[in-house]
Amino acid sequence: RLQCYFSEIPVLFKQELQNEEAKEGKQVKLTCELSKPDTPVKWMKGNTVLYASEKYEFQQRGTVAELIIRDVKSIDA
């Protein structure tokens with residue numbers, strides 16, 4: 001289960017992370033919106049912190065944080 005965390009308080013989710021479907025081998029974009037712009041975000045899968053790589057790309061514009069997962073596999077669920 002992927003989660004979006006932030007490190008400052010009091011920042012709230014304006015729009016929480018939603019489930020998305022993707023075909024294997026394609027890419028998917030997960031988005032959450034925070035109440036405060038440019039808040040540092042940490043993306044996690046379970047208890048594991050995700051880092052930028054060929055598989056994971058992170059983008060943040062104002063209050064919107066995005067995680068792009070490339071070459072989706074069933075283990076990415």
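The values are calculated or read from the model by the stated rules, or taken from the named source; none is laboratory data. From a predicted model like this one, the values you see are computed outputs, not experimental measurements. Ideal geometry is used to build each Cβ from the backbone, glycine not excepted, and the neighbour counts take in all protein chains shown. Heavy atoms of the whole protein, side chains included, go into the accessibility calculation; ligands, DNA and RNA do not. Shrake-Rupley method; radii C 1.70, N 1.55, O 1.52, S 1.80 Å.
Do you know which of the residues in region 62-77 that are in a strand (DSSP E or B) and within 26 Å of Pro10 (Cβ to Cβ) is most open to solvent (accessible area, probe 1.4 Å)?
My answer is Val64.
Can you report the number of residues in region 32-61 which are open to solvent by 60 Å² or more (accessible area, probe 1.4 Å), in a strand (DSSP E or B) and free of Cβ contacts under 8 Å to residues at least 12 places away in the same chain?
Going through region 32-61 one residue at a time, the tally reaches 3.
Is one or more of the residues making up region 6-28 open to solvent by 90 Å² or more (accessible area, probe 1.4 Å), at pLDDT 90 or above, in a strand (DSSP E or B) and of a type outside the set (Gly, Ala, Ser)?
no
Return the total of residues in region 58-77 being more than 16 Å from Ala22 (Cα to Cα), within 11 Å of the chain's Cα centre (by Cα) and not hydrophobic (A, V, I, L, M, F, W, C).
Total satisfying the criteria: 2.
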